[in-house]
Amino acid sequence: MQRINELLTEETIEASAWKALEKSILYYKGRPVGTVAAYDVSVEALNYDQCFIRDFVSSALIFLLKGRTDIVRNFLEETLKLQPKERQLDAYKPSRGLIPASFKVVSDNGEEYLEADFGEHAIARVTPVDSCLWWILLLRAYVVATKDISIAYQPEFQTGIRLIMEICLANRFDMYPTLLVPDGACMIDRRLGIYGHPLELQVLFYAALRAAREMLICQGNQDVIEAIDNRLPLLCAHIRQHYWIDINRLNAIYRFRSEEYGKTAVNLFNIYVDSIPYYELDKWLPKKGGYLAGNVGPSQLDTRFFSLGNLMAIISDLATEEQAQAIINLIEERWEDLVGDMPIKICYPALESEEYRIVTGCDPKNIPWSYHNAGSWPVLIWMLTAASIKTNKPYLATKALEIAQTRLFEDEWPEYYDGKKGRLIGKQARKYQTWTIAGFLLAKELIKNRSYLSLVSFDELPPELISRACEFEIGNVDRYMSR
Ligand code: GLC
């Protein structure tokens, strides 16, 4: 009897989630083109009545799994039209190749049109670097789900992919294979000390390069394809090596010398030992666990754990098999810190006191253990689920869903939760946040059928590309090991 009640409850929750997801669908000229960020009538909409590219990914994936491919196709076609195709002379305008952060349907004299926002209307005016990367990943997911690559082969789509690759692979000042970006250019879209080379964007960049490589037609794209083939192995090796933190690596960094010059330097980024919270990490790192650091740059190693980057590194096969196991092991061992009462914290730990004030600029929304500053974001459940399945620990996904589902339903699908254990509904969280709803439904489907992983995951890089990882990088791995 008790089991029947449980089943009924689960069904009720799922049904309620589906109903809310349907309600969030955005129509343009009578066709479904996306989902609004939140459908919460109790508060002012601000820009939550728009369709955000990154938010739509979870909705799109669940629609694809359910055979509702039309909405995803419409979305891909319409957002592609919003991508600037000409070189921009006005430096205040979005550059060629960018995909907007969000768009909305506007009516003028009975005519509907789409208005894009490239960050101009967002609070911190930051360009959304992740949008174009998510867009490529979604296009590939559409191709995988429909088993029909013809959409990607259409000339407009080939141009769209090419322009995104051009903006990502453009000549630039820095000499790393990673992407240099401003603060707040991704899911964390306000100041949080993630300028430079934040993990989230590097992982999405890697996955987008892989997806673009699969979908670009050789003819006419030889130069871009060659640039991708050159970049991929370097990017992969760079992240696997320089972002990795486990107890062995921490030991190595702990004994780093600084101010080394020339080619024999071991401390390649000139990390000053005192900038690393050794004693916390010494306690926190499990024996068999590890993770990819939040950011690596000149004298900078951000040791915060960022969930999206680490989970997507597993899913996209950027992390090695061993690293993937170590990351998921760390999540399991540090469950109370990272998951607690609501899966899963966007990052850990929070920036507190003076650090919070300096790094966030005293942002009242990002106070410690709130919002982007170590708040819990239920949308990430689908990535936690996918990563758990990929590393053969599906029971972690089941556990996460058990913790989340009744609460999410009773709390009306909040955007985020606050607190060290994630027990407080986010101070300024919207209710009926679409990616919370879709992320939950997606996690449920992934648990039921692990083959759905193919929509978002990749296999190991082809060996001929790996062998291109330059000797410089490999030489440094050896030097780390021999210290
Ligand atoms: C907030 C989030 C951002 C999200 C948007 C819409 O600005 O930081 O990641 O895309 O809300 O939900």
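The values are calculated or read from the model by the stated rules, or taken from the named source; none is laboratory data. Model, not experiment: these values are computed from the prediction. Reconstructed Cβ throughout: ideal geometry from the backbone, glycine too, with neighbour counts over all protein chains shown. In case anyone asks, the SASA skips ligands and DNA or RNA and just uses the protein heavy atoms, side chains included. Shrake-Rupley method; radii C 1.70, N 1.55, O 1.52, S 1.80 Å.
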The aspartates and glutamates whose Cα lies under 14 Å from the Cα of Lys81, excluding any fewer than 8 residues away in the same chain, are Glu115, Asp117, Glu156
Amide hydrogen neighbours beyond the local backbone of Tyr28, cut-off 5 Å, H modeled
Val33
Counting every C-alpha pair in the stretch 401-459, the percent lying more than 20 Å apart is 34
Can you list which of the chymotrypsin sites (Phe, Trp or Tyr not before Pro) found in the stretch 124-195 are DSSP loop residues with at most 12 other C-beta atoms within 10 Å?
Phe173
If you keep only loop residues by DSSP, which trypsin sites (Lys or Arg not before Pro) in the stretch 154-261 have at most 12 other Cβ atoms within 10 Å of their Cβ?
Arg172, Arg255, Arg257
So what does Val129 come to for accessible area, using a 1.4 Å probe and Å² rounded to 10?
30
Is the shape of the stretch 144-243 best called rounded, prolate or oblate, per the rule: a/c under 1.5 gives rounded, else a/b larger than b/c gives prolate, else oblate, with a ≥ b ≥ c the square roots of the Cα gyration tensor eigenvalues?
prolate
What fraction, in whole percent, of alpha-carbon pairs in the stretch 160-305 exceed 25 Å separation?
36
What percentage of the solvent-accessible surface of the chain, computed with a 1.4 Å probe over protein heavy atoms, is contributed by carbon and sulfur atoms?
53
Could you work out the relative contact order of the chain, using alpha carbon pairs under 8 angstrom and six or more residues apart, expressed as a whole percent?
16
Looking only at aspartates and glutamates whose Cα falls under 17 Å of Lys263's and that sit 8 or more positions away or on another chain, we get Glu471, Glu473, Asp478
Once you charge only the Cβ atoms, +1 for Lys and Arg and -1 for Asp and Glu, what is the size of the charge dipole of the chain about its Cα centre, to the nearest 20 debye?
500
Using DSSP loop states and a limit of at most 15 other Cβ atoms within 10 Å to flag GluC sites (Glu not before Pro), what is the longest stretch of the chain containing no flagged site?
121-258
Neighbour-limited loop hits for trypsin sites (Lys or Arg not before Pro), the stretch 284-385 (at most 10 other Cβ within 10 Å; DSSP other than H, G, I, E, B):
Lys287
If I take all pairs of Cα atoms in the chain, what percentage of them are more than 30 Å from each other?
44
Cross-link reach from Lys19 to aspartates and glutamates, straight Cα distance under 16 Å and at least 8 residues apart if same chain, gives Glu10, Glu11, Asp40, Glu410, Asp411, Glu412
Under 5 Å, built H, 5+ apart or other chain: amide partners of Ala374
Ile346, Cys347
How large is the accessible surface per residue of the stretch 26-136, computed with a 1.4 Å probe and reported in Å² as a whole number?
46
Where only protein heavy atoms count, and the probe is 1.4 Å, what is the accessible area per residue for the stretch 306-345 in Å²?
24
Pop out the Kirkwood hydrodynamic radius of the stretch 31-179 from its pairwise C-alpha distances, inverse of mean 1/r, in Å to one decimal.
16.4
As a test of reading the structure, rank Cys218, Cys347 by solvent-accessible area (1.4 Å probe, protein chains only), most first.
Cys218, Cys347
Dipole of the chain, positive end: most advanced residue of Ile425, Thr360, Ile447 [Cβ charges, Cα centre]:
Ile447
